[in-house]
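Structure record follows, encoded as structure tokens.
The values are calculated or read from the model by the stated rules, or taken from the named source; none is laboratory data. Only a predicted model underlies this, so the values are computations on that prediction, with no experimental measurement involved. Glycine gets a Cβ as well: all are built from the backbone with ideal geometry, and neighbour counts include every protein chain shown. The area values use the complete protein model at the heavy-atom level, side chains included, leaving out ligands, DNA and RNA. Shrake-Rupley method; radii C 1.70, N 1.55, O 1.52, S 1.80 Å.
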Amino acid sequence: MAKFTIFFKDKAIQSYIYDSGVIRIGRDSSNDLVIDNLTVPPAYAVVTINTDNCIIKQLSDEMPLVINKEETKEAFLNSNDVISIGKYSITYNTTESIAPDTNPFGSNNKEVELLNLKLEQQVKIPDANLQVLDGKHIGRILPLKKAMTRFGHAGTGVVIIAKRKDGFFISSLESDANMEILVNQVALANKTVQLKNNDIIIINKISMQFFYEP
């Protein structure tokens, strides 16, 4: 699993943990890691988390991608790497290597410890499911107990539903022109949408209802 901790002027302000998938970084609220500052581009970078590696790519021509004080357009992330964005920075760790006294800035790490505790508490959200509403599998219940649940196949379109600290989010990991993805009759396209109880999702003409367990 991958952990990202956002710092502002060396002070930790937020932490996120992801199992896999595509993580977008930027100012726009549609990003997964949002840095709400006008000096940050709307779309700054994208991180692809795979089983055996983590790759980051530059998206903006306005601001270069800086990792460990060196500019690059694409790189593999290693534990404790620091992504610099103006007065902000993002530290990347694999969860297996995070130690209580690890601090890339050499300052008091109390803020990071508090963020870790809050993150552990907040990820304990209620379990949720999808119920198939039509087709040959009508009525089937699909549990969403993992941090990341994938639907579809490589080459024909892949959709992911991520379980985060503040709910469940759906996004398209790999799109295909012939694959229709709708949330409450609105096209998902390249957006990341937070799911609400009883939302209707249509993936390749198969309707499913999202619901939280009571």
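With R₀ set to 25 Å, the beta-carbon distance separating residue 38 from residue 212 gives a calculated FRET efficiency near 0.10.
A cut-off of 5 Å between modelled amide H atoms, ignoring neighbours fewer than 5 places along the same chain, links residue 180 with 204, 205. Among the trypsin sites (Lys or Arg not before Pro) found in the range 1-97, those both in a DSSP coil and sparsely packed, with 10 or fewer other Cβ atoms within 10 Å of their Cβ, are 9, 69. Counting only lysines at least 8 places from residue 145 when in the same chain, those with an alpha carbon closer than 17 Å to its own are 124, 163, 165, 196. Close amide H contacts of residue 65 (hydrogens built in the peptide plane, cut-off under 5 Å, sequence separation of 5 or more or a different chain): 72.
Just the protein heavy atoms count here, and of the accessible area of the range 1-62 at 1.4 Å, carbon and sulfur take up 46 percent.
Largest first, the residues 169, 211 sort by 1.4 Å accessible area into 211, 169. In Å, what Kirkwood hydrodynamic radius results for the range 23-99 from the alpha-carbon pair distances? Result for the range 23-99 stands at 12.7 Å.
Rounded to the nearest 20, the size of the Cβ-charge dipole of the range 6-53 about its Cα centre is 200 debye, with Lys and Arg at +1 and Asp and Glu at -1.
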